[in-house]
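Asks: I'd like to ask some things about the structure below.
The values are calculated or read from the model by the stated rules, or taken from the named source; none is laboratory data. All values derive from a computational prediction rather than experimental measurement. Positions of Cβ are generated from backbone atoms using ideal geometry, with glycine treated the same way; all protein chains shown enter the neighbour counts. Ligands, DNA and RNA are excluded from the accessible area calculation, which covers all protein heavy atoms including side chains. Shrake-Rupley method; radii C 1.70, N 1.55, O 1.52, S 1.80 Å.
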Amino acid sequence: MSTFDLTAILLVVAGILAYLNFRYFRLPSTIAMLVAGILGAIAMLISDRLLPNLGIGSRVQHLLADVNFSGLLMNGMLGFLLFAGSLTVDFQELKRNLSPVLTLATAGTLISTAVVGVGSYFLFPIAHVQVPFLYCLVFGALISPTDPVAVLALMEDLKVPKSLQIFFTGESLLNDGVGVVVFTVLLTVASATGGGVSTLGIAALFAQEVAGGCVLGILGGLLLYYAAKQIDDPNIEVQLSVALVTALVASASHIHVSGPLACVVAGIFIGNHARGPAMRDATSEALDRIWSFADYLMNAVLFLLLGLQAAGFQFGSPVHAVMIGTVIALVIGGRLVSVAVPLTLLRRTREFPRGMIRMLTWGGLRGGISVALALSLPVFQGRAAVLNATYGVVIFTILVQGLTIGKFVRRFQPADT
């Protein structure tokens, strides 16, 4: 089966599922696609048990194996999804809340990485698996960032008040880039032999990824801004925005800077500073409409694929289930600490909406980025346990936390919103 055939099947299935969900279930779209994918994976496994001669499940799994989920997301879809999400971020609102958002995205991610990394080092042995300490920290890095794809889609479906959205969306957009950088640095250290990575080298790599990604995003945004000022054609200007994201993703990988951060910075710059001065209303509307649809379509395919990936994970004995359950509790606890510590310190200088710590803790969804990073890990002792724990956390946060976060928001949101 060709790549086009597989893409056609995924788009048709996603379209049918979206129709059925709208008509009968009315679940948030990302959750509906994930559930459908998981049910499809379960059906494949059952069919192979009951009708082994047909080999339906194994054939589908073979087709899915041709899809490089990690590469597809990290080197393709992620940049487009982050750009689409950041286009709608209100820069003035972000600026007013920049201190807590940046603190959560940086210090919060590092705190969670440390808590989950150290804790998982003692929890993986429950499944009779010894995972090297550095790779436990790598696991902490890949599972700590909240997934902007899942969070942005859910915030839209739940119609979260604007006063709260900036904390959820701003943090998730920024901590994704920071988390990928921390993951890259820790994986470099874990993979190094003979102590070949110095503390200065680690700091330099981190600075290069973060600062380089931000600079690249600003330069890309400026290029599109000046190009848009010279023309007056919505189709061409939207086309240039697509070309920009493609160029950012490709160039970031070659010059070793953060592509996700570049796309976020470019999206915020264009969404706030290019409208009006460089774009007519017709262009701005076309930009929003087309990127909104692209965001929705890629989300649907991504979460459908994420659910289907369940067919390839082996959770083993009940002991493994216990280990995964304890890791889920650890990740939620790490998220609580990573939110509570920064916000408690910042409360000395500013106020936050009631229940903010609890809302941000329970709204810290993990998604395809964590799975993609886990799948990109090299072979090491305990890799399968890390993959299973990652998938267990992702499924729990999206299905359980994603379906109940609305109750938290409705309970704690300010009365005037």
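Asks: What part of the accessible area of the stretch 106-190, given as a whole %, is carbon or sulfur when the probe is 1.4 angstrom?
Replies: 70 percent
Asks: In what sequence, largest accessible area first, do VAL242, VAL249, VAL131 appear using a 1.4 Å probe?
Replies: VAL242, VAL249, VAL131
Asks: According to a simple spin-label model (label point 7 Å from Cα along Cα-to-Cβ), what is the distance in nm between PHE206 and ALA250?
Replies: 3.3 nm
Asks: Can you work out the Karplus-derived ³J(HN,Hα) for every residue in the stretch 330-343? Use 6.51 cos²θ - 1.76 cosθ + 1.60 with θ = phi - 60°, whole Hz, and x for glycine or proline.
Replies: Here the 3J(HN,Hα) series is 5, 5, 5, x, x, 5, 4, 5, 5, 8, 5, 5, x, 5 Hz.
Asks: Divide by every residue of the chain the summed helix terms, -39500 (n - 2.57) for each DSSP H run of at least 4, and state the resulting mean residue ellipticity at 222 nm, rounded to the nearest 500 deg cm²/dmol.
Replies: Only helices count here, giving -24000 deg cm²/dmol.
Asks: Moving on to the next point. Could you point to the residue in THR246, TYR121, GLY76 farthest towards the positive end of the chain's charge dipole, with +1 and -1 charges on the Cβ of Lys/Arg and Asp/Glu respectively?
Replies: Farthest towards the positive pole: TYR121.
Asks: With a/c under 1.5 counting as rounded, go ahead and sort the stretch 1-160 into rounded, prolate or oblate using the C-alpha gyration tensor (a ≥ b ≥ c being the square roots of the eigenvalues; past the cut-off, prolate if a/b is larger than b/c, else oblate).
Replies: oblate
Asks: Another question, if that's okay. For ASN235 paired with THR199, estimate the spin-label separation in nm (one decimal), with each label point 7 Å from Cα along the Cα-to-Cβ line.
Replies: About 5.9 nm separates the two model spin labels.
Asks: Rounding to the nearest 20 debye, state how big the charge dipole of the chain is about its Cα centre with +1 on each Lys and Arg Cβ and -1 on each Asp and Glu Cβ. Don't jump to the answer; show the numbers that get you there.
Replies: Details: 23 positive and 20 negative charges, 236 e Å.
Around 1140 debye, computed over the chain.
Asks: So if R0 is 30 Å, what FRET efficiency would THR404 and LEU72 give, r being the distance between their Cβ atoms, rounded to the nearest 0.05?
Replies: The pair THR404/LEU72 has a calculated efficiency of 0.50.
Asks: Enter the accessible area per residue of the chain (Å², integer; probe 1.4 Å; all protein chains in place).
Replies: Normalised by residue count, the accessible surface of the chain is 45 Å².
Asks: Which one of THR146, THR283, THR199 has the biggest mean-square fluctuation once the chain is modelled by GNM with Cα springs under 10 Å?
Replies: THR199
Asks: Another question, then. What whole-number distance in Å separates the alpha-carbon centres of the stretch 291-364 and the stretch 12-87?
Replies: Between the Cα centre of the stretch 291-364 and that of the stretch 12-87, the gap is 20 Å.
Asks: For the chain, modelled as a Gaussian network with Cα springs under 10 Å, which listed residue fluctuates most, VAL319, VAL238, VAL301?
Replies: VAL319
Asks: Let me ask something else about it. Suppose each label sits 7 Å from its Cα in the direction of the beta carbon; what would the LEU297-ILE9 distance come out to in nanometres?
Replies: 2.0 nm
Asks: Can you give me the % of accessible surface on the stretch 1-104 that is carbon or sulfur? Probe 1.4 Å, all protein chains present, nothing else counted.
Replies: Accessible surface attributable to carbon and sulfur in the stretch 1-104 totals 66 percent.
Asks: Hey, another quick one. Sorting LEU287, LEU64 by accessible area (1.4 Å probe), largest first, what list results?
Replies: LEU64, LEU287
Asks: Rounded, prolate or oblate for the stretch 301-417? Axes are the square roots of the Cα gyration tensor eigenvalues, ordered a ≥ b ≥ c, and the cut-off for rounded is a/c under 1.5.
Replies: prolate
Asks: Whenever you get a sec, compute what percent of the accessible area on the stretch 228-273 sits on carbon and sulfur atoms (1.4 Å probe).
Replies: 60 percent
Asks: Give the residue from TYR226, LEU51, VAL409 lying farthest towards the positive end of the charge dipole for the chain; charges sit on Cβ (+1 for Lys and Arg, -1 for Asp and Glu) and the dipole is referred to the Cα centre.
Replies: With unit charges placed on the Cβ atoms, the residue in question is VAL409.
Asks: When the chain is treated as a GNM, springs tying every alpha-carbon pair under 10 Å, which of ASP233, ASP288, ASP90 comes out with the largest mean-square fluctuation?
Replies: ASP233
Asks: Report the FRET efficiency, 1/(1 + (r/R0)^6), for ARG348 and LEU20, where r is their Cβ-Cβ distance and R0 is 60 Å, rounded to 0.05.
Replies: 0.75
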